[in-house]
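Chemist: Attaching a single structure in structure tokens format; questions to follow.
The values are calculated or read from the model by the stated rules, or taken from the named source; none is laboratory data. All values derive from a computational prediction rather than experimental measurement. Note that we place each Cβ from the backbone using ideal geometry, even for glycine, and neighbour counts take in every protein chain shown.
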Amino acid sequence: MFSKTWMRNPLALLCVGMFALGACSSGITPSGTTSSGAASSDAASATDAAGEGNKNLDKLIDELIKGSSYGTPPTAAPSAPPGKKVWIVSCGQSAIGCQTGAEAAKEAAETVGWEAQICDGKLNAGGAFAQCVRQGVAAHQDAIITEAIDCSDIQQPLREAKAAGVRTIDFWGFDCDTGAGAGGERLFTASVIPADEYPTNEEYQEAIGQARAQWIMARSRGRASIIELVFQGTNIGSALHQGFSKGVAACSGCKVYPVDVTLSTFGNVRQIIESALLRHPDATWVSIPLDSLVLAGGAQAVAGSPRHAELQLIGGEGLPPNLNLIRGDQGQNAAVGQPIDWYGWAAVDTLIRVFAGQDPIPAGLGFQTIDRRANLPQTGAYVAPMDFRAAYKKAWGR
């Protein structure tokens, strides 16, 4: 399994493999020689190095398949207070990743006997994030759970919720003291702790971004020209990009062409990727940070390209329609599977503890890379390697 140290510093492992393929610089220039014996020795050494390099790249693939170490959900929890009303703000029900997390949180809240409603944040069109939070306050909800929404987008509504005595829980998003707002004021009542290894969503998402780069490096054997879609204007997009950049920095045989997308250009992903492929005809690898962006046109751009046979696209979370694209070779080839539904259940566990005056407990989240060679279920979505629902129900006495 990945350790946090390995995830952050894979350079040694990668360069052992890529040096043999001419993709990493050793910092040593061998002196020339006219001796046929020395030349034979050098050739034998190169052959040995190539064999060792391939073994290390294969080892990297094995590590990516195993993924980041999964923990387990908390084994015990305080009693959930009865009769609570919970307002769940989805980042946007039109985006399947947002829909999956919001519906999981609703399912979990109803499991403990609470009344739960989802408000569609509509990818913040017209300031919908703030409107949804304020609607929850006006509806006298006991708590508001936000999904993949940064504190920076809803600072004043969060203050209004606090003044009204409404607890606020954040999952898959960033409080104002993390991400671009590091050092700012923490405004959520509490945030889900993804895992012991990743105590913040920022660290979790950076690790996922890094794994995406490592999959490309390993599958390309250390030589890749990559179009990277960068989701600008969001902390999650920034964290995924930072992780990807850390990962690809270990590969001097890799070239990256970043192209930007924002919430306002979400619907233009196909044109953005098509234009990038035309501008960079040497690019044969495409990295897209979220599966919703793949579905918004990334996969269509790749599947419809005249160069489709040579293109490889890795996307986000391993959502059902995206895995169907992988199964059918329809413009997506891989994903970094992460259990968004587990994240939603962890938000409710966090809220139970907040109601009891306790601190959140790490949820045990991890991730694994998925492609047609590994971790691809026959049908449906990516499934975490444990029954987290049963574990939470047991902890909650349900």
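Chemist: Which residue, of ARG307, ARG279, ARG219, ARG270, is closer than 18 Å to GLN368 by Cα and among the basic types (Lys, Arg)?
Modeler: ARG219
Chemist: Being among the hydrophobic types (A, V, I, L, M, F, W, C), surrounded by fewer than 16 Cβ atoms within 10 Å (Cβ to Cβ) and modelled with pLDDT of 95 or more is true for just one of ALA80, ALA76, ALA109, ALA105. Which residue is that? Walk me through it before giving the result.
Modeler: Details: ALA80 fails: surrounded by fewer than 16 Cβ atoms within 10 Å (Cβ to Cβ); ALA109 fails: surrounded by fewer than 16 Cβ atoms within 10 Å (Cβ to Cβ); ALA105 fails: surrounded by fewer than 16 Cβ atoms within 10 Å (Cβ to Cβ).
Answer to the check: ALA76.
Chemist: Could you count how many residues in the range 226-261 are closer than 17 Å to GLY315 by Cβ and part of a helix (DSSP H, G or I)?
Modeler: Within the range 226-261, residues that are closer than 17 Å to GLY315 by Cβ and part of a helix (DSSP H, G or I) number 9.
Chemist: Counting only residues that are in a helix (DSSP H, G or I) and hydrophobic (A, V, I, L, M, F, W, C), how many does the range 148-170 have?
Modeler: The first filter runs over the range 148-170 and keeps only residues in a helix (DSSP H, G or I), leaving 151-153, 155-163.
Next, from what is left, pick out any that are hydrophobic (A, V, I, L, M, F, W, C): 151, 158, 161, 163.
Counting residues in the range 148-170 that are in a helix (DSSP H, G or I) and hydrophobic (A, V, I, L, M, F, W, C) gives 4.
Table: residues versus (1) modelled with pLDDT of 95 or more; (2) farther than 16 Å from ILE226 by Cα; (3) not assigned by TED's automatic domain parsing to the domain that holds GLU103.
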{"position": "SER305", "(1), (2), (3)": "yes, no, yes"}
{"position": "ILE314", "(1), (2), (3)": "yes, no, yes"}
{"position": "LEU319", "(1), (2), (3)": "no, yes, yes"}
{"position": "ARG327", "(1), (2), (3)": "yes, yes, yes"}
{"position": "GLN330", "(1), (2), (3)": "yes, yes, yes"}
{"position": "VAL348", "(1), (2), (3)": "yes, yes, no"}
{"position": "ARG353", "(1), (2), (3)": "yes, yes, no"}
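Chemist: Pull up the range 271-295, narrow it to residues that are among the charged types (D, E, K, R) and free of Cβ contacts under 8 Å to residues at least 40 places away in the same chain, then point me to the one that is surrounded by the most Cβ atoms within 10 Å (Cβ to Cβ). Don't jump to the end; show me each part of the working.
Modeler: Restricting attention to the range 271-295, the residues satisfying the condition of being among the charged types (D, E, K, R) are 274, 279, 282, 291.
Retained after the next criterion (residues that are free of Cβ contacts under 8 Å to residues at least 40 places away in the same chain): 274, 279.
Values: GLU274: 17, ARG279: 11.
By that ranking, first place goes to GLU274.
Chemist: Failed condition for THR262, given (1) out of contact with any strand residue (DSSP E or B) (no Cβ under 7 Å at 6 or more places or on another chain); (2) within 19 Å of ALA303 (Cα to Cα); (3) β-branched (Val, Ile, Thr), with all others met?
Modeler: It is condition (2) that THR262 fails.
Chemist: Follow-up. Given the conditions (1) surrounded by fewer than 20 Cβ atoms within 10 Å (Cβ to Cβ); (2) assigned by TED's automatic domain parsing to the domain that holds THR284, which single one is not true for GLY209?
Modeler: It fails just one condition, (1).
Chemist: Go through (1) under 25 Å from ARG372 (Cα atoms); (2) at pLDDT 95 or above; (3) surrounded by fewer than 24 Cβ atoms within 10 Å (Cβ to Cβ) and name the single condition ILE193 misses.
Modeler: (1)
Chemist: Would you tally the residues in the range 306-333 being within 15 Å of the chain's Cα centre (by Cα), touching a residue at least 40 places away in the same chain (Cβ under 8 Å) and more than 17 Å from GLN378 (Cβ to Cβ)?
Modeler: 3
Chemist: On to the next question. May I ask you to say which residue of GLY298, GLY243, GLY222 is without any contact (Cβ under 8 Å) to a residue 60 or more places away in the chain, buried (at least 24 other Cβ atoms within 10 Å of the Cβ), in contact with a Gly (Cβ under 9 Å, 6 or more places away or on another chain) and under 28 Å from ILE65 (Cβ atoms)?
Modeler: Unique residue meeting the criteria: GLY243.
Chemist: A follow-up question, please. Among all residue pairs at least 6 apart or on different chains, which show Cβ distances below 6 Å where the first residue, located in the range 134-152, is assigned by TED's automatic domain parsing to the domain that holds CYS119 and the second is surrounded by fewer than 20 Cβ atoms within 10 Å (Cβ to Cβ) and not in a loop (DSSP other than H, G, I, E, B)?
Modeler: Close Cβ pairs satisfying both conditions: VAL137/GLU160; GLN141/LYS85; ASP142/LYS85; SER152/GLY181.
Chemist: Now for a different question. Conditions first: (1) surrounded by 16 or more Cβ atoms within 10 Å (Cβ to Cβ); (2) part of a loop (DSSP other than H, G, I, E, B). ALA116 passes all but one, so which condition is the exception?
Modeler: (2)
Chemist: Quick one: is GLY121 touching a residue at least 40 places away in the same chain (Cβ under 8 Å) and surrounded by 20 or more Cβ atoms within 10 Å (Cβ to Cβ)?
Modeler: Numbers: touching a residue at least 40 places away in the same chain (Cβ under 8 Å): no; surrounded by 20 or more Cβ atoms within 10 Å (Cβ to Cβ): yes.
Here the answer is no, as GLY121 does not meet what is asked.
Chemist: For a quick check of your reading: which helices (runs of 4 or more DSSP H) sit entirely within the range 298-389 and have at least 2 residues that are over 30 Å from PRO81 (Cα atoms)? I'd like the intermediate steps shown before the answer.
Modeler: Details: elements: 299-303, 320-327, 340-355.
Fully inside the range 298-389 and qualifying: 299-303, 320-327.
Chemist: Just one of ILE361, ILE340 is of a type in the set (A, V, I, L, M) and either at positive phi or touching a Lys or Arg at 6+ places or on another chain (Cβ under 9 Å) (or both); which is it?
Modeler: Sole residue among the options that is of a type in the set (A, V, I, L, M) and either at positive phi or touching a Lys or Arg at 6+ places or on another chain (Cβ under 9 Å) (or both): ILE361.
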